[in-house]
Each structure stands twice: as structure tokens, then as C-alpha cells.
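The values are calculated or read from the model by the stated rules, or taken from the named source; none is laboratory data. This is a predicted model, so every value here is computed, not measured. Here the Cβ is made from the backbone with ideal geometry for all residues, glycine too, and neighbour counts use every protein chain on show.
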Amino acid sequence: MDSAHGNQKVSDSRIIEAAAKTEGPFFTAGEVADELPVTRTGLSNRLKSLQEEGRVDRKKRGNWVGWWLTEDYSDSR
């Protein structure tokens, strides 16, 4: 799916592209939200949807959540 969810203006592809441009093997929702016209909470919800689609994955430790692109989408890094 390449469209924005609901009435949101940022496409899934744009989120993936912004995530791919972050430094290191993982990213936070805040890092990507800073690059796009979305809130951190809004982006976290979108990332959860992308996780359900198998495009990203995450690991949570306490309040910290690290995200990464799955193998199928990490070649854009």
C-alpha cells in the first residue's frame, strides 16, 4: 500500500524513505516525525500499521521503542 491512511497527507512510501535516511540500523518515531509533517504519536500509529504489513519491525524496552525496516524494505538505506 502506497497511499496515506485515512485523511493523512504523508504516504507510506514517504515514511519508509524518511526512515531509510536515518543514521544507524534503527530509528525512533521522533526522528522520522521531525522530518515529516506528522506528530510523533501519529507516526507511531502509522508505524504500527506498517509493522502489521511487514514493512517495519520494532523492539520495546521500557518507554523506548526502536524501529527498523524489514529486509524487504531495508535495501533503500
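Please pick out the residue among Leu47, Leu43, Leu36 that is in a loop (DSSP other than H, G, I, E, B) and at pLDDT 95 or above.
On the way: Leu47 fails: in a loop (DSSP other than H, G, I, E, B); Leu43 fails: in a loop (DSSP other than H, G, I, E, B).
Checking each option against the conditions leaves just Leu36.
Across region 34-50, what is the total count of residues that are farther than 21 Å from Thr70 by Cα and either aliphatic (A, V, I, L, M) or crowded, with 16+ Cβ neighbours inside 10 Å (or both)?
1
Under 7 Å by Cβ, and 6 or more places apart or on different chains, what pairs join a residue from region 52-77 that is assigned to a strand (DSSP E or B) with one that is surrounded by fewer than 11 Cβ atoms within 10 Å (Cβ to Cβ) and at pLDDT 95 or above?
Once the first residue is assigned to a strand (DSSP E or B) and sits in region 52-77, its partners that are surrounded by fewer than 11 Cβ atoms within 10 Å (Cβ to Cβ) and at pLDDT 95 or above give Gly66/Lys59.
Quick one: is Val56 over 10 Å from the mean Cα position of the chain (by Cα) and surrounded by 14 or more Cβ atoms within 10 Å (Cβ to Cβ)?
Working: over 10 Å from the mean Cα position of the chain (by Cα): no; surrounded by 14 or more Cβ atoms within 10 Å (Cβ to Cβ): yes.
The answer is no for Val56.
If you go through region 21-48, how many residues are in contact (Cβ under 8 Å) with a residue 40 or more places away in the chain and under 9 Å from the mean Cα position of the chain (by Cα)?
Number of matching residues: 2.
Quick test of your reading of the structure: Thr28 fulfils all but one of (1) surrounded by fewer than 16 Cβ atoms within 10 Å (Cβ to Cβ); (2) modelled with pLDDT of 95 or more; (3) not hydrophobic (A, V, I, L, M, F, W, C). Name the failing condition by number.
Going through (1) surrounded by fewer than 16 Cβ atoms within 10 Å (Cβ to Cβ); (2) modelled with pLDDT of 95 or more; (3) not hydrophobic (A, V, I, L, M, F, W, C) one by one, Thr28 breaks only (1).
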